[in-house]
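Rule-based calculations on the coordinates, nothing more; no lab input. The shown structure was predicted, so the numbers you read here are calculated from the model rather than taken from an experiment. Cβ atoms come from the backbone with ideal geometry, glycine included; neighbour counts cover every protein chain shown.
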Amino acid sequence: MVDWTRLTRRERVVIVIPSDNSAQEVRDCLHEELAQAIGPLNDLYHLPDSVFNDDNFHTVLTGFDMLILRAFYAPEPQSGMNEAEVARRLPDLLARLNPAGEGRAGQMKTVAPRPWVQAVEQAFGSRGGTAKAAAERMVSIANAQGWSDGRMAFSHYALGRAQVTSYPEAAVRALARASEIYRRLPGGQVHEAHVDMQLAAVALANGQPAQAVQFGGRAIPVVRQSQNAALLASLMLLKAGAFEAQGMAAEARALRLDSLG
C-alpha cells in the first residue's frame, strides 16, 4: 500500500521530518518532499538543475522544478494514461509552458545503474579510506558509462571531498575536474560553489589564505542567491579564517559576526 512504484492513483502522501532538524533543513525538506508529494515521486541523479536529485546541491525548487510541476497539473496529461499516451502530449504541452525551450537540442540520458548509486551512498555515508574507495568506484563506473554530465562531476567531487584531509593534492585535481564539468551545465553555478568551499578549505589548511579568500569570494554570492544559509555560514567562516591568517583581524571579526545570522 505504501510502495509508490505500485500505486496507480495517489490520493494521500505523508511527509515525515525529524523534530530536531534546523529551521533551514525543515524548509529544504518541505521544498523537496512537498514537491515530490504533489509531483514526480522519484529522484534522478542526471537532473542538474533540480531538487529532484539526491546530490543535495539545490535546497529550494528551481525553475526546472516549477516547470515540471506545471506540466504535472496541466490539462493534457490525465490519471490513468500510460507512458506512451503522456509522451505524445508532451511536445505541445512543453511548447506552451516553456516556449523558450523550443528548438533547443536535448540529450537523452540513461538512469544511473544501481552499483553507482550504492557507491554514492557509501561515499557520503562513510569516512576515510571507505569513502575514498567508494568515490573511486563512482568515478570508475562513470567512466565506464561514458558520462560527461553532472554524474561524472559528482563522482570527481566525491573523490575530492574524500581526500581533502589525507591527500590534498589529489583532492584539488579531482575537485578541479568537477568544477570544470559543472561550469558547462545549466544551473551548475550552485554545484561549483560547493566545490569552491572544498577548495577554500584545502587552500586554508595548506597555508594559502589568499587563494581561500578567492574561492570563498567567488562562491558566496551564488550561495546567498540560492538561499543556502548553512553553506553560506561555512564559507564566511572559512573566509574569516583566511583573513585572520593574513593579519586582517577586523575583517575576520566582521565576517564571523555576519556568519552568526
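Structure notes:
- Descending semi-axes in whole angstrom, ellipsoid equivalent of segment 11-101, from the Cα gyration tensor: 27, 16, 11
- Residue ranges 66-76, 218-228 sort as 218-228, 66-76 when ordered by packing (mean number of other C-beta atoms within 10 Å per residue, highest first).
- The chain: most fluctuating residue of 91, 186, 48 per GNM, C-alpha cutoff 10 Å: 91
- Centre separation in Å (Cα based) which lies between segment 53-93 and segment 162-239: 32
- Between segment 1-21 and segment 119-139, the C-alpha centres lie 29 angstrom from each other.
- Computing FRET efficiency as 1/(1 + (r/R0)^6) for residue 118 and residue 254, where r is the C-beta to C-beta distance and R0 is 45 Å, gives about 0.50.
- Choice from 216, 241, 63 with maximal GNM fluctuation in the chain (Cα, 10 Å cutoff): 63
- Binning the alpha carbon pair distances of the chain at 10 angstrom intervals from zero yields the distribution 6, 24, 32, 24, 10, 3, 0, expressed in whole percent.
- The ranking of 151, 184, 12, 177 by Cβ neighbour count inside 10 Å, starting from the fewest, reads 12, 184, 177, 151.
- Rel. contact order, % - alpha carbon contacts under 8 angstrom, at least six apart, the chain: 12
- When peptides 94-106, 19-31, 115-127 are ranked by their average number of other Cβ atoms within 10 Å per residue, the highest-first order is 115-127, 19-31, 94-106.
- Within-15-Å neighbourhood charge of residue 163 [Cβ basis; K, R +1; D, E -1]: +4
- Residues 45, 167, 157, 182, sorted so that the one with the fewest Cβ neighbours within 10 Å comes first: 167, 45, 182, 157
- Among 59, 5, 130, the ranking by other beta carbons within 10 Å of each residue's beta carbon, starting with the fewest, stands as 5, 130, 59.
- Considering all different alpha carbon pairs of segment 114-260, the Kirkwood hydrodynamic radius works out to 15.6 Å.
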